[in-house]
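A short worksheet on the structure shown next.
The values are calculated or read from the model by the stated rules, or taken from the named source; none is laboratory data. On a predicted model such as this, the values are computed, not experimentally measured, just so you know. Don't worry about glycine lacking a Cβ; one is built from the backbone with ideal geometry, like all the others, and counts go over all protein chains shown.
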Amino acid sequence: MSAADITSAAARIAEVIEATPLKYCERLSEETGARVYLKREDQQAVRSYKIRGAFNCMVQLSAAERDAGVVAASAGNHAQGVAFACRKLGITGRIYVPTNTPKQKRDRIVARGGEFVELVLTGQTYDAAAAAAAEDAARTGATLVPPFDHPATIAGQGTVAAEIIDQLGRAPDTVVVPVGGGGLIAGITAYLAEQAPQVAVIGVEPQGAASMTAALAAGGPVTLSEVDPFVDGAAVRRIGDLPYRIVSGAGAEVITHSSLPLVTAVVPAGDRGGVSLSQVGEGAVCTAMLDLYQNEGVIAEPAGALGVAALEGLELVPGSTVVVVISGGNNDVSRYGEILERSLVHQGLKHYFLVDFPQEPGALRMFLDQVLGPDDDITLFEYVKRNNRETGAALVGIELGAPEDLEALRARMESSPMDVERLVPGSPAYRYLT
């Protein structure tokens, strides 16, 4: 993969791709001390950068390949790019997506492709959909359009880097890139390695699906035993072979806080190039999504907010220029309840307890008057034994006014006559709450 391949791709897709805005973000600049710009790929025609790689692949198909149609697998955004290209180029396609793909993405796939596209729901992960699509292509002779593990796809995604340099008028010091299957970071890395090798590239994975990190640790792509599907646009069990070769060939390394393993990387910006990998928890992603919406009016999907979520843990050179790629904005509004919940838990504002009330009148009133603090709110209250709704154990959710209020709340619980057990995130019991 060369910069020339990416330059050719840019010319090839120019008729359907508009340069997305590169916007200075005052809030994030003040928080980090760097000059932070947001590359708004959420404003692409299909609200994701994926259209770049999909169209670059499909516009190069021969007449015979177009007649045979295409097959693709996707968590949602690549599918929209393929659907867009199918209608634009008059090619029929079957697109496989996991059954848990947000409805908003499924609806947009159908709307983009119209009569040219058939949508097939299968499995619960991208990898299951990919296996079904590969079998379809082998059986029917249709051309498979890979979402990340293909030179044409990577070249298309790499046009983001060329666009950033053109818009800034120079190369930034650091580019922060979300990582799922690896196509975007591979394309950006390949371009910058030739055109601006001094730029530091920071890839950000969700903690629950860090397949590039696992590959770098193992010396090659490996299949994760399980993934957290919440960051659906980046929940990939196995990084692409070609993206891995490009990223590892650039000297990629994984650097983490010793106190927070596999959460954030600490990477100096502006004094060296190369690639580093960072991981952020899904709760941090939710907080970043809400902050982007409330402050900048940016509707980012979970994968689109990965880069912003990582900024808090990065040590950036003051005054350096940092570009964060907002990779997509296809988020289903029905998910915001879960997003808010995960964010509150991440910030230390939401906690759950099993409270065993004394078998005596007024126990609940005692809890309200003597245990809860003035800024604490009960957000969930359910008796565990439904045939005993007056006394006994109850599941209680409490939202605090501030994270530091937890210590005082726990102290009041300890001094009360009630038996209280805190449900800790990550524990077996806690997973039933989410």
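Please verify whether Lys105 is in contact (Cβ under 8 Å) with a residue 40 or more places away in the chain, outside the structural domain of Ser8 (by TED's automatic domain parsing), crowded, with 24+ Cβ neighbours inside 10 Å and of a type in the set (D, E, K, R), treating the condition exactly as stated.
Against the criterion (in contact (Cβ under 8 Å) with a residue 40 or more places away in the chain, outside the structural domain of Ser8 (by TED's automatic domain parsing), crowded, with 24+ Cβ neighbours inside 10 Å and of a type in the set (D, E, K, R)), Lys105 qualifies.
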Out of all the residues in region 317-338, which are surrounded by fewer than 24 Cβ atoms within 10 Å (Cβ to Cβ) and modelled with pLDDT under 90?
Asp332, Val333, Ser334, Arg335, Tyr336, Gly337, Glu338
Residue satisfying condition, being surrounded by 24 or more Cβ atoms within 10 Å (Cβ to Cβ) and aromatic (Phe, Trp, Tyr), within set Tyr49, Tyr37:
Tyr49
Residues that are over 30 Å from Arg170 (Cα atoms) and without any contact (Cβ under 8 Å) to a residue 40 or more places away in the chain, drawn from region 295-346:
Tyr336, Gly337
Region 381-413, residues that are out of contact with any strand residue (DSSP E or B) (no Cβ under 8 Å at 6 or more places or on another chain) and at pLDDT 90 or above
Gly401, Ala402, Pro403, Glu404, Asp405, Glu407, Ala408, Ala411, Arg412
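Quick check on my filter: what residues within region 362-383 are part of a loop (DSSP other than H, G, I, E, B) and crowded, with 18+ Cβ neighbours inside 10 Å? Explain how you work it out, then say what you get.
Of region 362-383, the ones part of a loop (DSSP other than H, G, I, E, B) are 362, 372-376.
Matches in region 362-383: Asp376 only.
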Qualifying residue in region 206-213 (condition: touching a residue at least 12 places away in the same chain (Cβ under 8 Å), surrounded by 24 or more Cβ atoms within 10 Å (Cβ to Cβ) and in contact with a Lys or Arg (Cβ under 7 Å, 6 or more places away or on another chain)):
yes
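State whether the residues of region 9-24 include one that is more than 23 Å from Thr159 (Cβ to Cβ), in the same structural domain as Gly249 (by TED's automatic domain parsing) and out of contact with any helix residue (DSSP H, G or I) (no Cβ under 7 Å at 6 or more places or on another chain). Walk me through how you get there before you give the answer.
The initial filter retains those residues of region 9-24 that are more than 23 Å from Thr159 (Cβ to Cβ), namely none.
So far as region 9-24 goes, no, none of its residues is more than 23 Å from Thr159 (Cβ to Cβ), in the same structural domain as Gly249 (by TED's automatic domain parsing) and out of contact with any helix residue (DSSP H, G or I) (no Cβ under 7 Å at 6 or more places or on another chain).
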Scanning region 105-163 for residues that are within 22 Å of the chain's Cα centre (by Cα) and basic (Lys, Arg), the one modelled with the lowest pLDDT turns out to be Lys105
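Quick grid of which residues meet (1) among the hydrophobic types (A, V, I, L, M, F, W, C); (2) out of contact with any helix residue (DSSP H, G or I) (no Cβ under 8 Å at 6 or more places or on another chain):
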| residue | (1), (2) |
| --- | --- |
| Leu306 | yes, no |
| Pro318 | no, yes |
| Asn331 | no, no |
| Ser334 | no, no |
Return only the number of the condition from (1) assigned to a loop (DSSP other than H, G, I, E, B); (2) modelled with pLDDT of 90 or more; (3) not charged (D, E, K, R); (4) not assigned by TED's automatic domain parsing to the domain that holds Gly219 that Gln359 does not satisfy.
(2)
Go through (1) in the same structural domain as Ala284 (by TED's automatic domain parsing); (2) touching a Gly at 6+ places or on another chain (Cβ under 7 Å); (3) not in a loop (DSSP other than H, G, I, E, B) and name the single condition Tyr336 misses.
(2)
If you go through region 118-163 one residue at a time, how many are of a type in the set (Gly, Ala, Ser), within 19 Å of Ala10 (Cα to Cα) and buried (at least 24 other Cβ atoms within 10 Å of the Cβ)?
4
Strands (runs of 3 or more DSSP E) fully within region 1-95 counting 1 or more residues that are free of Cβ contacts under 8 Å to residues at least 24 places away in the same chain and either touching a Pro at 6+ places or on another chain (Cβ under 9 Å) or not acidic (Asp, Glu) (or both)
22-24
Single residue of region 288-327 satisfying the filter (polar (S, T, N, Q) and in a helix (DSSP H, G or I)) that is nearest to Pro229 (Cα to Cα):
Gln294
